[in-house]
Amino acid sequence: MLRVTDEISIADWELSEQFIRASGPGGQNVNKVSTAVELRFEAERSPNLPGPVKARLKRLAGRRWTKDGAVILFCDETRSQARNRDLVRERLVELIEKATHRPKRRIPTKPTKGSQRRRIEAKKQRGEVKALRGKVSGSD
């Protein structure tokens, strides 16, 4: 059982972990020990996540959200399998925590009369400058 907030907790059946060999430095150890962790969270089927949280989580997860509605997180930062496992679980909790916060609704504002007037004046002035660039008709 993984606790996210007071209302949201993730059951063990919703999570599946796969251990794979990590890339990068580590000498012979990197070729022998599977320290990297791939965590799969079945978000779409989760009964503990409310609908709006699922929608925000899908947007936040981006490419990590699969077609069948799972979030896949990967960690190979340390040489310790247990530490990588803890790190990837912490990341999942942070991601879900972020998805629980509802963004503030934007209230559209109108431009002030003064700013509208200044904008139009600037456009007229610019148009005048461009109009004066035309050919000079001189009678020499």
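Coordinate-derived values only; no laboratory data. What you see is a predicted model, and the numbers here were worked out from it, not measured in a lab. Please note: Cβ atoms are built from the backbone with ideal geometry, for glycine as well, and neighbour counts cover all protein chains shown.
Data for the structure
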item	result
Total residues in segment 61-74, condition touching a residue at least 24 places away in the same chain (Cβ under 8 Å) and either over 12 Å from the mean Cα position of the chain (by Cα) or loosely packed, with under 15 Cβ neighbours inside 10 Å (or both)	7
Verdict on Glu77 being surrounded by 14 or more Cβ atoms within 10 Å (Cβ to Cβ), out of contact with any Asp or Glu (no Cβ under 9 Å at 6 or more places or on another chain) and not basic (Lys, Arg)	yes
Out of Ala99, Ala36, sole residue that is in contact (Cβ under 8 Å) with a residue 24 or more places away in the chain and more than 22 Å from the chain's Cα centre (by Cα)	Ala36
Odd one out for Asn48, checked against (1) assigned to a loop (DSSP other than H, G, I, E, B); (2) of a type in the set (S, T, N, Q); (3) more than 30 Å from Ser16 (Cβ to Cβ)	(3)
Residues of segment 86-108 satisfying the condition of being of a type in the set (Val, Ile, Thr) and assigned to a helix (DSSP H, G or I)	Val88, Val93, Ile96, Thr100
Conditions (1) outside any helix (DSSP H, G or I); (2) surrounded by 20 or more Cβ atoms within 10 Å (Cβ to Cβ); number of the one not met by Arg40	(2)
Residue match in segment 97-118 (condition: under 30 Å from Ser16 (Cα atoms) and surrounded by 15 or more Cβ atoms within 10 Å (Cβ to Cβ))	yes
Residue within segment 132-139 that is part of a helix (DSSP H, G or I) and either of a type in the set (Lys, Arg) or touching a residue at least 24 places away in the same chain (Cβ under 8 Å) (or both) present	no
